[in-house]
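This report concerns only the one structure given below.
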Amino acid sequence: MNYKYVHTNFNVFDLEKSLKFYEEAIGLKEARRIEAEDGSFIIVYLEDGSGTGQLELTWLRDREEPYDLGDEEFHICYVTDDYAASLKHHQEMGVVEFVNEEMGIYFILDPDGYWVEIVPQ
């Protein structure tokens, strides 16, 4: 059997805020969208153009409070071809949550509290 990575899903409280964050922070663009006829949910698939998989953002109309992410022990990871410029950009955005200088990586925090790891190429 063979498997191919397709997507990772994050449920989000404010879809527009999350879409803006992922475009500004990582350069992800909307690839497609699914909207329930009754307006109960919207699913947006974002991609970076590499063809390696998508980030699926799911918004639920009836959600009234932010999601509980537990101990935040999970994250997604992106590689950058310019680590210093990327770190500076994310610092200017005010989204850097943790820098591990020893490992040469850092994490940014999205609007819902999901961690995104950034590593050099």
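The values are calculated or read from the model by the stated rules, or taken from the named source; none is laboratory data. As the structure is a prediction and not an experimental result, all values here were calculated from the model. Glycine also receives a Cβ, built like all others from the backbone with ideal geometry; neighbour counts cover every protein chain displayed. Just so you know, the surface numbers come from the protein's heavy atoms only, side chains and all, with ligands and any DNA or RNA stripped out. Shrake-Rupley method; radii C 1.70, N 1.55, O 1.52, S 1.80 Å.
Laid out as a table, the results:
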quantity: Protein accessible area in region 1-116, 1.4 Å probe - carbon and sulfur %; calculated: 48 percent
quantity: Anchor Lys17: aspartates and glutamates whose Cα lies under 12 Å away (excluding residues fewer than 8 positions away in-chain); calculated: Asp110, Asp112
quantity: 0 to 90° range, to nearest 10: angle between helix 15-26 axis and the chain longest Cα axis; calculated: 30 degrees
quantity: Angle in degrees between helix 83-93 and the longest Cα principal axis of the chain, rounded to the nearest 10; calculated: 50 degrees
quantity: Solvent-free Debye scattering, log10 I(q)/I(0), computed from the Cα coordinates of region 1-54 at q = 0.27 Å⁻¹; calculated: -1.19
quantity: Per residue solvent-accessible surface (Å²) - region 21-121, probe of 1.4 Å; calculated: 61 Å²
quantity: Square roots of five times the Cα gyration tensor eigenvalues for region 58-114, Å; calculated: 26, 13, 10
quantity: Cross-link partners of Lys20 among lysines (Cα-Cα below 25 Å; sequence separation of 8 or more within a chain); calculated: Lys29, Lys88
quantity: Semi-axis lengths, Å, the chain, gyration tensor of Cα atoms, sqrt of 5 times eigenvalues; calculated: 25, 18, 14
quantity: Region 1-117, relative contact order in percent, only Cα pairs under 8 angstrom and at least six apart counted; calculated: 25 percent
quantity: GluC sites (Glu not before Pro) restricted to DSSP loop in region 5-100 with at most 14 other C-beta within 10 Å; calculated: Glu37, Glu64, Glu72, Glu73
